[in-house]
Every structure is written in C-alpha cells, then in structure tokens.
1. Take the residues in region 87-109 that are under 14 Å from residue 46 (Cβ atoms), in contact with a strand residue (DSSP E or B) (Cβ under 9 Å, 6 or more places away or on another chain) and in a loop (DSSP other than H, G, I, E, B), then tell me which one is modelled with the highest pLDDT.
2. Please work out which residue is surrounded by the most Cβ atoms within 10 Å (Cβ to Cβ), limiting yourself to region 18-31 and to residues that are more than 14 Å from residue 60 (Cβ to Cβ) and at pLDDT 95 or above.
3. In region 59-77, what residues are of a type in the set (Gly, Ala, Ser) and farther than 18 Å from residue 36 by Cβ?
4. In region 70-83, what residues are in a strand (DSSP E or B) and either free of Cβ contacts under 8 Å to residues at least 12 places away in the same chain or loosely packed, with under 14 Cβ neighbours inside 10 Å (or both)?
5. Restricting to region 1-17, give me the number of residues that are among the β-branched types (Val, Ile, Thr) and surrounded by 15 or more Cβ atoms within 10 Å (Cβ to Cβ).
6. State all residues of region 33-55 that are among the β-branched types (Val, Ile, Thr) and without any contact (Cβ under 8 Å) to a residue 60 or more places away in the chain; if no residue qualifies, say none.
7. Conditions: (1) surrounded by fewer than 13 Cβ atoms within 10 Å (Cβ to Cβ); (2) in contact with a Ser or Thr (Cβ under 6 Å, 6 or more places away or on another chain). Residue 37 meets all but one. Number of the miss?
8. Of all residues in region 125-140, which are buried (at least 18 other Cβ atoms within 10 Å of the Cβ) and either modelled with pLDDT under 90 or more than 18 Å from the chain's Cα centre (by Cα) (or both)?
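The values are calculated or read from the model by the stated rules, or taken from the named source; none is laboratory data. Treat the numbers as computed from the prediction; the structure is a model and nothing was measured. With ideal geometry, Cβ positions are generated from the backbone for all residues, glycine too; neighbour counts draw on all protein chains shown.
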Amino acid sequence: MMHMLTSDDARQLFERSKVARLGCIVNGEPYVVPINCILEGNYLYSHSLNGTKISGLRENPRACVQVDEIESALCWRSAIAFGKFEEITKSDERADVLNKLFKIFPMLTPVESAITIDGIGQSVIVFRIRIDRLTAVSEG
C-alpha cells in the first residue's frame, strides 16, 4: 500500500541517490533528463554543459528533481523536490560546488572534458535548484 513519507525521509532519499531526474519546460513541453546532484540545506546543486535543459531553465526557471529507490514493483520509495533554477556565476562558489560534486561523483561526464587548466571552464554551467517543497511516497 502506498503512503506519504516525511520531508526528512525525502531528504534522506536525495542524500542516498546517485542519479536524479531533472524536469523542466523546454519550448512549452515537459523535458526530463538524468543528472547528478547534491543536497545541501534547501538547495540541490548540479552542473551541465550548455544545451537544451540550461536554455529551458533560463527561460522558465521552475523545475523539479525526482529520485527513487526501487527494490521491486511492490517495494519502492520516490521523492520530488520542486523549486527554482539559479545559475551560480561567482567563481569561488562555482569551484566549491564542482569540487563537492567531483568528490562524490568522480567519474562525471561530459563536464570534466570542459574543465580548463584553472579548474573551472566557463563552458561548465553550475547551478542549483532552490527547493520550495519536498514530497515523498513509498510502496510496500
């Protein structure tokens, strides 16, 4: 039987997850892509190369991020964070976020190929989703 989980349960699910799915609107249509992210406080931090999701988020900054743990068709947990895209442009803050991401996800692609000799290529977009609301459910 499905039941609602607490926001603390949702946070724990985000902290354990290796892959999340970012949902946004691109050209008036829903668009969902996998990302790696880290949760700190009321923010989910991530990065990307310039492309479809970044263009969409710049145009319409409302977004959601979903994670799940699936043991079987009848035993799973899922959490969604709803919020607003914010691009991080200060170089020290960008470096801090990227360092944290690389520490947790050392094999990130394709962004590492864009990193320059100074450590932070300007083609890398560093961003966060400022969380307004967290929801979570489980089955089983």
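1. Among them, the one singled out is 105.
2. Initial filter on region 18-31 (more than 14 Å from residue 60 (Cβ to Cβ)): 18-21.
Retained after the next criterion (residues that are at pLDDT 95 or above): 20-21.
On the way: 20: 26, 21: 15.
This residue is 20.
3. So in region 59-77, the residues of a type in the set (Gly, Ala, Ser) come out as 63, 72-73.
Within region 59-77, 72, 73 meet the criteria.
4. Just the residues of region 70-83 that are in a strand (DSSP E or B), to begin with: 70-72, 75-83.
Across region 70-83, the qualifying residues are 70, 71, 72, 75.
5. Going residue by residue through region 1-17, those that are among the β-branched types (Val, Ile, Thr) are 6.
Okay, now just the ones that are also surrounded by 15 or more Cβ atoms within 10 Å (Cβ to Cβ), so none.
Result for region 1-17: 0.
6. To start, the set of residues in region 33-55 that are among the β-branched types (Val, Ile, Thr) comprises 33, 35, 38, 52, 54.
Those that are among the β-branched types (Val, Ile, Thr) and without any contact (Cβ under 8 Å) to a residue 60 or more places away in the chain: 33, 35, 52.
7. Every listed condition holds for residue 37 apart from (1).
8. The answer is 138, and nothing else.
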